[in-house]
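Engineer: I am attaching a structure below and will ask some questions about it afterwards.
The values are calculated or read from the model by the stated rules, or taken from the named source; none is laboratory data. Worth saying up front: this structure is predicted, and the values here are computed from it rather than measured. All Cβ positions, even for glycine, are placed from backbone atoms using ideal geometry, and neighbour counts span all protein chains on display.
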Amino acid sequence: MNKFEEIIKKTKQIRLNPEERSEIRARLSVIAGIPQTSRFSVFRFLRPIPIMAGFLIVAVTGGGVSLAAENSLPGDVLYPIKVSVNEEVRAALTISKEKKDEWSAQRAERRLEEAEKLDEEGRLDAEKIARLSEAFDRQTAKIALVEQRIELAQSKKAAEISRATEKLDAALTAHSRILAKLTDGNDNAGDALISASAAPESSFMMAAAPTRSFIKEEKLDEISIKAKRVAEKMIDNADQKDGIRMEKAKQFLKEAEDKFDNGKYGEAIVLFRQAGRAAQVKGDPIPVQAVKRVIQRLKD
Amino acid sequence: MKQLRDIFIKAYDDHSDAIFRHCYFRVFNRDKAKDLVQETFIKTWEYLQKGEGVDNLRAFLYKVATNLIIDDSRKNKPSSLDAMQEEGFDPMGDSGESLPNVIVRGEVRQMLEGINPKYRQAVQLKYIDDLSLKEISKITGESENNISVRIHRGLEELRDLNNE
């Protein structure tokens, strides 16, 4: 038997072991609404409250309520089911860290989408904003944030930008409008947001302004100018040889400047930040400490 | 609905190992492969729910799995064997997989990387996934002839490598 045949023969020994098979089977059964007949308990993997609720919902309604909850918004009756049952069950179902992160990014985006829909319906009030931003922070805190990405890129290892952070980036850009609205320091909503936000370094806040204190003390147009300078500095310091990335960064910069000229300061801030991040990814990144120092200097 | 569920879970019982192996020897990571298997079946279930008929469930599963793997590799930069060795990766690291498995995984990966990507998939589908020419044709949409040629060329490359 030659080497090739030997290796091929050995591949046959790779298979799911009985435990792994039942694990996945059990999860699929829950999703397909199949009653559990085996002694293997899927409940082991879910936290107490969501499983009981989930179990009851599936048992009583055949999954219809879970489905109906999917389109609900904060304030709707079914919303708690969407977040605490459906989303938690899905979170519990994922195995690898990667996929868990991706789901977290998706959940964070859902909070932004909900905010947008509420805004369209005129139902967005200070309390809802606070809750949504809290939830957003909770989800993004689970993912490798900008700091960790930068650290990764700095080390000699291949810079693996996780799909989750890419997803989050895309979400922040796509929803820059509502993010800006949510962080607009000029009305009550902004105050509620500030007090609700856990850490100043949270993604949510970082997307809109370099540090929390800016929003309280200064006007958005001034913050916007500072964000622009930071972005320009990041672009200058980045690896100019990477044409594609520079293009992307400069595109964001232009969009941000457009928004600024049109008086849309909140959105401009978000886009300036995106420009800076786009320039940083992969290559010569600027350490977070340096960024903070730059911001500190701009403040003075 | 009941009939659909039965068909679905039977498909799982029949094909989960095969789909697992299919994913495993492309992502070379046990946890990730398990996730992909799950995602494959979940997506398939959602498709079945829509009321769309599927004539060949097995081929469909492979197609879904293949697409998920492509999506996955597009977004994540796959680390080559060399890069991993530089980092000093911990072979027993993920899900405490047994050493023999880890070794096989490494050997297969090395072997596959020695084949031209154009021929790799065909060789893999035939020898690792154990699919017939007809089945491979159904899954990839290529003619049996083309597949046959690629398999032949891929094997030739391996033979040359081994003879060096």
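Engineer: When the residues of segment B:40-59 are narrowed to those that are surrounded by 21 or more Cβ atoms within 10 Å (Cβ to Cβ) and over 22 Å from residue B:108 (Cβ atoms), which ends up farthest from the other protein chains (Cβ to nearest Cβ)?
Structural biologist: Result: B:44.
Engineer: Here is a further query. Search segment B:105-164 for residues being more than 16 Å from residue B:25 (Cβ to Cβ) and of a type in the set (Asp, Glu), and hand back the single one that is modelled with the lowest pLDDT.
Structural biologist: Selected residue: B:164.
Engineer: Kindly indicate whether residue A:55 is at pLDDT below 65 and of a type in the set (Phe, Trp, Tyr).
Structural biologist: The answer is yes for residue A:55.
Engineer: Those residues that are more than 10 Å from chain A (Cβ to nearest Cβ) and surrounded by 12 or more Cβ atoms within 10 Å (Cβ to Cβ), I need them from segment B:94-108; list them, please.
Structural biologist: B:102, B:106 - these are the residues of segment B:94-108 that are more than 10 Å from chain A (Cβ to nearest Cβ) and surrounded by 12 or more Cβ atoms within 10 Å (Cβ to Cβ).
Engineer: Go through segment B:121-164 residue by residue and tally those that are crowded, with 17+ Cβ neighbours inside 10 Å and charged (D, E, K, R).
Structural biologist: 5
Engineer: Could you list all residues from segment B:5-39 that are in contact with a Phe, Trp or Tyr (Cβ under 9 Å, 6 or more places away or on another chain) and more than 8 Å from chain A (Cβ to nearest Cβ)?
Structural biologist: B:11, B:15, B:18, B:19, B:22, B:30, B:33, B:36
Engineer: Let me ask something else about it. Are there any pairs, at least 6 apart or on different chains, whose C-beta atoms fall under 7 Å, with the first in segment B:104-124 and over 17 Å from residue B:137 (Cβ atoms) and without any contact (Cβ under 8 Å) to a residue 40 or more places away in the chain and the second among the polar types (S, T, N, Q) and in a helix (DSSP H, G or I), and if so, which?
Structural biologist: Hits for this filter: B:104/A:11.
Engineer: What are the residues in segment B:101-133 that are part of a helix (DSSP H, G or I) and of a type in the set (S, T, N, Q), if any?
Structural biologist: If the condition is that a residue be part of a helix (DSSP H, G or I) and of a type in the set (S, T, N, Q), then B:101, B:110, B:121, B:124 are the ones that fit.
Engineer: Does residue B:64 meet the test of being more than 9 Å from chain A (Cβ to nearest Cβ), in a helix (DSSP H, G or I) and not hydroxyl-bearing (Ser, Thr, Tyr)?
Structural biologist: Spelling it out, residue B:64 is indeed more than 9 Å from chain A (Cβ to nearest Cβ), in a helix (DSSP H, G or I) and not hydroxyl-bearing (Ser, Thr, Tyr).
Engineer: Conditions: (1) more than 9 Å from chain B (Cβ to nearest Cβ); (2) crowded, with 16+ Cβ neighbours inside 10 Å; (3) at pLDDT 75 or above. Residue A:27 meets all but one. Number of the miss?
Structural biologist: Of the numbered conditions (1) more than 9 Å from chain B (Cβ to nearest Cβ); (2) crowded, with 16+ Cβ neighbours inside 10 Å; (3) at pLDDT 75 or above, the odd one out for residue A:27 is (1).
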